[in-house]
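Report on one structure; see the data block that follows.
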Amino acid sequence: MSSREPMALIRSIIRNRVNGLTVVGSAHGIDIDLLCGANAVSASQESYVGFEQDFGMAHNYRRGCESGEIEIQDNCCYTLVQQLRASIQGLPFMPIQSVRGTDFEKDHPSYKTIQSPYSGEDILVVPPLTPDVAIIHAQYADLHGNLRIEGPPVVDLLFAQASRTVLATVEKIVTNEELKRLGGANIPYFYVSYIAEAPMGAHPTACYPFYAYDREHTELYMSAAKEGSTAFKKKYLKDFVYECESHEEYLHRIGGEDTRARLSSWKESTDAWMELYKEST
Amino acid sequence: MGKNCTLGELLIDQLARTVEDDTLVFHGFGSPLVQIALHVAKRVYTPNLVLVAGATYGVNPDPPFIAPTTNDWVHDRNSECHLSIGELFDLSASGRLGRMFLSGLQIDRWGNTNVTQLGRKTLKLKLPGGGGACNLSCNAKNITLWTAAHRSEPVKGKRRYRIVSQCDYVTGFGHKNADGITRRQLGYRGNGPQCLVTDLGVFDFDQDGHLQLNALYPHTTVDDVLENTEFEPRMKKEVKTVSLPSLEVLSIIRKLDPLRIHEKELLPGDRSLTLEA
């Protein structure tokens, strides 16, 4: 949601005019909404796309779903985990003790109810999920491609293990020695297909300890998104995606060193950290 | 004995009182009222609670303040250890999650919740989605439902009820769905929703699994509840009035949430509402 989303990669996907994507993930926000605002998504299997109680609905995502441009195939967190586990373990399906009786069961003909050969009880099974590509932003990688995620990895480890291709950006590429000093990798290199160094590559989401969530920029994003899809393209996508030929140009447009310094000020004190999240009046 | 408080603080206290001690409890994201309630519960009512934070999966964190987004590192401060996402959901699937808190843009008479879409046959509004609500609704041992938007003022003469007769879409399973299928028939481990805390009062579910008014607040009436609910909820024989939170609870809330993040969950007109002791 507001943390470690692979935003530089997503902006690059949009600039390269990739479209027709099926997106799948657990709880997301600006990453998926930005792709939807650029008309890059044709189906969504997310469990949540929104901005929590702070900014509410993801406008681009909602518009895409309601217009029929995006086919809605909503998933739930644990169903997704079980589907990834089936893929990781090379199994044809995975049982799950929930979902039956809810409308997700009706919406997903691929979910089947079978009888346990042991207890005889009914149990739902879900098919394996093997994404073509996983995109991840981590704090560190070494030159061999080992990735180190600091803080909650959420579903990233499972996605890295289950996907055919893993694309990763990192704040910093270091030596393997240095990576070990930092605490070691949590995604081994052989899962990882490509890495690129992209400092502030998760902006405007956070990548601690480097920088906090940019609530101010997110507010600007939301006000453009709220106005409608044409306004969003003119007021946000043009300035921060299409016209940025490189990640460096994006960093310049969001305020360069001043913005980086503002967002890394969270370390100074609790008050400084809180200051970043005060509502502008 | 109570002290003047806001509606948000009263809701936090009511949510905190639904937790049992010596259980593992999880809060999801986008729910600062619940997040703060669990910190209140752990410090005041249920010290042996295992508090698992939503989105970061930290165990027993002690954050210096509440931030506007749930997966901010500030909420992970001073966690004593961490779970993985799979581990948390495994605990629930095997019946070891003591209580979960769920909400919805629609909550119906049987405790089903909808955070997926408005409009049954044709989509009227795509909602953000339920995260893990669907899974947890089935097998968390106990469930507290809540909403801070029970009050539904008419817009152009029409109300969009939050507490509805039947959800347009069942994201989280309550006691039975529109087809009459019950959780017992489905063999679920969880007991389903036991209570619903709203901005108008506190409800429980009767033997049939139907919503029933249990208690009001000092400023709300049975008529408020009837007017703002799409169907007629059943009434407990004796509808009580809850007491306001203690000074200890209030000071914990105010210290933990100086940015008043939890008020974002309330209806705009309710944010400055003060209840006098």
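Considering only residues of segment B:170-196 that are within 16 Å of residue B:100 (Cα to Cα) and polar (S, T, N, Q), which is nearest to the other protein chains (Cβ to nearest Cβ)? Don't jump to the end; show me each part of the working.
Narrowing segment B:170-196 to residues within 16 Å of residue B:100 (Cα to Cα): B:171-175, B:188-196.
Next cut, polar (S, T, N, Q) only: B:171, B:191, B:194.
Details: B:171: 7, B:191: 14, B:194: 18 Å.
So, considering only residues that are within 16 Å of residue B:100 (Cα to Cα) and polar (S, T, N, Q), the one nearest to the other protein chains (Cβ to nearest Cβ) is B:171.
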Report summary line: Only one of (1) within 16 Å of the chain's Cα centre (by Cα); (2) within 11 Å of chain B (Cβ to nearest Cβ) does not apply to residue A:56, and that is (1)
Report summary line: Listed by first then second residue, the pairs whose first member lies in segment B:202-215 and is without any contact (Cβ under 8 Å) to a residue 24 or more places away in the chain and assigned to a loop (DSSP other than H, G, I, E, B), whose partner is surrounded by fewer than 18 Cβ atoms within 10 Å (Cβ to Cβ) and of a type in the set (A, V, I, L, M), with beta carbons under 8 Å and at least 6 positions apart or on separate chains, are none
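Count, please, the residues in segment B:114-147 that happen to be of a type in the set (D, E, K, R), more than 9 Å from chain A (Cβ to nearest Cβ) and either assigned to a strand (DSSP E or B) or more than 17 Å from residue B:160 (Cα to Cα) (or both).
Residues of segment B:114-147 of a type in the set (D, E, K, R): B:120-121, B:124, B:126, B:141.
Now restrict to residues that are more than 9 Å from chain A (Cβ to nearest Cβ): B:120-121, B:141.
Of the ones still in play, those that are also either assigned to a strand (DSSP E or B) or more than 17 Å from residue B:160 (Cα to Cα) (or both) are B:121, B:141.
Within segment B:114-147, residues that are of a type in the set (D, E, K, R), more than 9 Å from chain A (Cβ to nearest Cβ) and either assigned to a strand (DSSP E or B) or more than 17 Å from residue B:160 (Cα to Cα) (or both) number 2.
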Query - Matching residues, segment A:18-36, being surrounded by fewer than 21 Cβ atoms within 10 Å (Cβ to Cβ), farther than 25 Å from residue A:82 by Cα and not aliphatic (A, V, I, L, M) - result: A:19, A:20
Query raised in the report: How many residues does segment B:109-130 hold that are under 15 Å from the mean Cα position of the chain (by Cα) and closer than 15 Å to residue B:149 by Cβ?
Result: 3
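Give me the residue from segment A:82-107 that is more than 11 Å from every other protein chain (Cβ to nearest Cβ) and either more than 23 Å from residue A:165 (Cβ to Cβ) or touching a residue at least 60 places away in the same chain (Cβ under 8 Å) (or both) and, out of that set, nearest to the chain's Cα centre (by Cα). Step through it out loud before you land on a result.
So the first thing to find is which residues in segment A:82-107 are more than 11 Å from every other protein chain (Cβ to nearest Cβ), and the list is A:83, A:86-87, A:89-94.
Filter again for either more than 23 Å from residue A:165 (Cβ to Cβ) or touching a residue at least 60 places away in the same chain (Cβ under 8 Å) (or both), leaving A:87, A:93.
Values: A:87: 20, A:93: 25 Å.
My answer is A:87.
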Report summary line: All conditions in (1) among the aliphatic types (A, V, I, L, M); (2) under 20 Å from the mean Cα position of the chain (by Cα); (3) closer than 29 Å to residue A:58 by Cα are true of residue B:97 except (3)
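Yes/no per residue for (1) modelled with pLDDT of 95 or more; (2) buried (at least 17 other Cβ atoms within 10 Å of the Cβ); (3) farther than 27 Å from residue B:92 by Cα:
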site	(1), (2), (3)
B:137	yes, yes, no
B:143	yes, yes, no
B:157	no, no, yes
B:170	yes, yes, no
B:179	no, no, no
B:191	yes, no, no
B:202	yes, yes, no
B:206	yes, no, no
Query raised in the report: What is the residue count in segment A:42-91 for residues that are within 30 Å of residue B:263 (Cβ to Cβ), touching a helix residue (DSSP H, G or I) at 6+ places or on another chain (Cβ under 9 Å), part of a helix (DSSP H, G or I) and not polar (S, T, N, Q)?
Result: 9
Query raised in the report: Looking at (1) surrounded by 24 or more Cβ atoms within 10 Å (Cβ to Cβ); (2) part of a loop (DSSP other than H, G, I, E, B), can you tell me which one residue A:39 breaks?
Result: (1)
Requested in this report: Could you please give the count of residues in segment A:1-15 that are under 8 Å from the mean Cα position of the chain (by Cα), within 14 Å of chain B (Cβ to nearest Cβ) and within 10 Å of residue A:202 (Cβ to Cβ)?
Outcome: 2
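One line per residue, one yes/no per condition, for (1) touching a Ser or Thr at 6+ places or on another chain (Cβ under 9 Å); (2) modelled with pLDDT of 95 or more; (3) of a type in the set (A, V, I, L, M, F, W, C):
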{"site": "B:37", "(1), (2), (3)": "yes, yes, yes"}
{"site": "B:47", "(1), (2), (3)": "no, yes, no"}
{"site": "B:67", "(1), (2), (3)": "yes, yes, yes"}
{"site": "B:74", "(1), (2), (3)": "yes, yes, yes"}
{"site": "B:82", "(1), (2), (3)": "yes, yes, no"}
{"site": "B:102", "(1), (2), (3)": "yes, yes, yes"}
{"site": "B:109", "(1), (2), (3)": "yes, yes, no"}
{"site": "B:113", "(1), (2), (3)": "yes, yes, no"}
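Does at least one position in segment A:244-267 carry a residue that is within 14 Å of chain B (Cβ to nearest Cβ) and either of a type in the set (Lys, Arg) or exposed (fewer than 12 other Cβ atoms within 10 Å of the Cβ) (or both)?
yes
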Report task. Can you confirm whether segment B:57-67 contains a residue that is within 11 Å of chain A (Cβ to nearest Cβ), touching an Asp or Glu at 6+ places or on another chain (Cβ under 7 Å), crowded, with 23+ Cβ neighbours inside 10 Å and closer than 30 Å to residue B:218 by Cα? Result -> yes
Report task. Quick one: residue B:87 ticks every box in (1) surrounded by 19 or more Cβ atoms within 10 Å (Cβ to Cβ); (2) within 11 Å of chain A (Cβ to nearest Cβ); (3) in a helix (DSSP H, G or I); (4) not aromatic (Phe, Trp, Tyr) except a single one, so which number is it? Result -> (1)
Requested in this report: For residues that are in a loop (DSSP other than H, G, I, E, B) and either farther than 21 Å from residue B:96 by Cβ or of a type outside the set (Val, Ile, Thr) (or both), tally how many sit in segment B:29-76.
Outcome: 23
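The values are calculated or read from the model by the stated rules, or taken from the named source; none is laboratory data. This structure is a prediction, so every number in the text was calculated from the model and none was measured. As a convention, Cβ positions derive from the backbone with ideal geometry for all residues, glycine included, and neighbour counts pool all protein chains shown.
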